[in-house]
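Presented below is the structure to which this report refers.
Read-outs throughout are calculated quantities, based only on the coordinates presented, and are distinct from any laboratory measurement. It should be emphasised that the depicted structure is a prediction, and the values quoted were computed from it without experimental measurement.
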Amino acid sequence: MCEVSGALATVTISNPAKRNAMTPGMWRQLPALLDRLAADASVRVLVLTGAGNTFCAGADISSLGGADDPRDLAAAAEDALAAFPKPALAVLRGHCVGGGCQLAVACDLRFAAEGTVFGITPARLGIVYPASSTQRLVRLTGPSAAKHLLFSAELIGTGRALRTGLVDEVLPAGQLDDRVREFTQALVERSQLTQAAAKEFADGPADAARIAHWAEAARAGGEAEEGVSAFLERRPPRFGRHPHGLPPSTTHG
């Protein structure tokens, strides 16, 4: 389920009967949805959340062994989310487990309600966790914390998740929505050019061509001039939606 309100797109994982577990159809729909949102110039920030009081309990285990292996579908959806060219924020409540944790880790930032539980559980099922997912988790939490989650399949709380970097902020449940609203509004008001370049550079090494691309985008876009003028004039900057603000790539190309 997706709702676009102004510059904010909210994608909600909804399968209430199974704590929002992802079915093969749900995994399959996500990359195409992200493609549409990436191409929508009005969208500047993505929020991924779960329906009701939980985020996602992982893949629907009853779907294992079908014609479409949900492990492959989950990895493709996760890669598409990680490659989404605009800021992506996961808003977490209840359970964030298995494939749900994969999706949360693929977002840029993670805000959680107190009491949320996290776990990565392939060791309970004898499943090999995808290499890309493992490496993304290691980059986020460090090797030791990642191994703790993967080796043990234990569930952890928000305290440990915050200490290891698995989440960025933990809020009382009643304050989470207000904080997310405040934070996403701040992101909408910031330079899309800066955000897109920072996301690309943070996610991997940049070659000379990409560095040159962003240098030219900065010169042509006028964002720096507007930012400096706004600072000197003590007013909010009015950053535009520049075509240079997004890299010339698809979400899962």
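Could you state the number of Å between the C-alpha centres of region 9-33 and region 108-186?
Here the two parts' Cα centres lie 19 Å apart.
Please list 3J(HN,Hα) in residue order for region 173-181, calculated via the Karplus relation 6.51 cos²θ - 1.76 cosθ + 1.60 where θ = phi - 60°; whole Hz, with x for glycine and proline.
3, x, 9, 4, 4, 5, 5, 5, 4
Would you mind checking the tilt of helix 70-82 against the longest principal axis of the Cα atoms of the chain, expressed as 0 to 90 degrees and rounded to 10?
The answer is roughly 20 degrees.
Can you give the relative contact order of region 1-140 as a percent, counting alpha carbon pairs under 8 Å and 6+ residues apart?
In percent, rounded to a whole number, it is 23.
Would you list which lysines come within 19 Å of residue 86, measuring only between C-alpha atoms, while excluding same-chain residues fewer than 8 positions from it?
Counting by Cα, and skipping residues close in sequence, residue 86 has these lysines nearby: 199.
In straight Cα distance, which aspartates and glutamates are under 13 Å from residue 18, not counting same-chain residues fewer than 8 positions off?
Cα-Cα hits under 13 Å: 60.
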